[in-house]
Amino acid sequence: MPRKKTASLVRDIPADRLYGSVPIQRLINRVMLNGKKQLAEKLVYTGLEKAASKLKVENPLEVFEQAWKNVQPQVETRSRRVGGANYQIPFEVKGQRQSHLTLMWFVAAARSRKGMSMADRLAAEFMDAYNGQGAAVKKREDVHKMAEANRAFAHFART
């Protein structure tokens, strides 16, 4: 039996204090550990400012938005069982799932960097994503390659 769509469970998250951006607030919430929101805010804001100063961009929000666009996935594969075999079927990624994957990959990439503070890790990941490099962008490219390789099974997708 297919899962029901539960659109009513999507929370309305207020925009962050400094930039008035909901995606930045979602990033802060994702970075936060053990309810330490002020620490997470400080880490994200410091990371954005460091990245903007190193890239010589005046507005840190521009760095974030460009990095966000470079990490957002367009397609992904989902496993589906058809006639006794499992196929990886490419699907278009829409709305909430797209931003969720972007945040997950971004924070995972920043946390996987070792040997520096979390603010420096976030700054480095912002700079790499801004330039179209880094672990989060590589993850997106891998997902896109997987979807492209399994394009032959797209006819199994039922929308």
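Filtering Val82, Val93 for residues that are β-branched (Val, Ile, Thr), closer than 30 Å to His155 by Cα and free of Cβ contacts under 8 Å to residues at least 40 places away in the same chain leaves a single hit, Val93.
When the residues of region 24-42 are filtered to those that are over 17 Å from the mean Cα position of the chain (by Cα) and not acidic (Asp, Glu), which remaining residue is nearest to Asp128 (Cα to Cα)?
Taking the candidates together, the pick is Lys42.
Those helices (runs of 4 or more DSSP H) of region 43-159 in which at least 2 residues are farther than 19 Å from Val31 by Cβ and out of contact with any His (no Cβ under 6 Å at 6 or more places or on another chain), considering only elements entirely within it, cover 60-71, 95-112, 134-149. Taken over region 28-42, the criterion of being more than 17 Å from Ala15 (Cβ to Cβ) and in a loop (DSSP other than H, G, I, E, B) is satisfied by Leu33, Asn34, Gly35, Lys36. Restricting attention to region 115-125, does a residue exist that is modelled with pLDDT under 95 and farther than 25 Å from Leu61 by Cα? Within region 115-125 (the criterion being modelled with pLDDT under 95 and farther than 25 Å from Leu61 by Cα), the answer is yes, since at least one residue qualifies. If the condition is being buried (at least 19 other Cβ atoms within 10 Å of the Cβ) and in contact (Cβ under 8 Å) with a residue 24 or more places away in the chain, then region 16-40 contributes Asp16, Ile24, Leu27, Val31.
Does Ala51 meet the test of being more than 22 Å from Arg151 (Cβ to Cβ), over 16 Å from the mean Cα position of the chain (by Cα) and in contact (Cβ under 8 Å) with a residue 60 or more places away in the chain? Yes.
The number of residues in region 132-147 being touching a residue at least 60 places away in the same chain (Cβ under 8 Å) and more than 18 Å from Arg111 (Cβ to Cβ) comes to 5. Hey, could you check region 94-103 for residues that are of a type outside the set (S, T, N, Q) and closer than 13 Å to Trp68 by Cβ and say which is surrounded by the fewest Cβ atoms within 10 Å (Cβ to Cβ)? Within region 94-103, the match that is surrounded by the fewest Cβ atoms within 10 Å (Cβ to Cβ) is His100. On the given criteria, is His155 out of contact with any Gly (no Cβ under 6 Å at 6 or more places or on another chain), free of Cβ contacts under 8 Å to residues at least 60 places away in the same chain and farther than 24 Å from Val57 by Cβ? Considered against the rule, which asks whether it is out of contact with any Gly (no Cβ under 6 Å at 6 or more places or on another chain), free of Cβ contacts under 8 Å to residues at least 60 places away in the same chain and farther than 24 Å from Val57 by Cβ, His155 comes out as yes.
The values are calculated or read from the model by the stated rules, or taken from the named source; none is laboratory data. Owing to the predicted nature of the structure, the values given are computational and were not obtained by experimental measurement. Please note: Cβ atoms are built from the backbone with ideal geometry, for glycine as well, and neighbour counts cover all protein chains shown.
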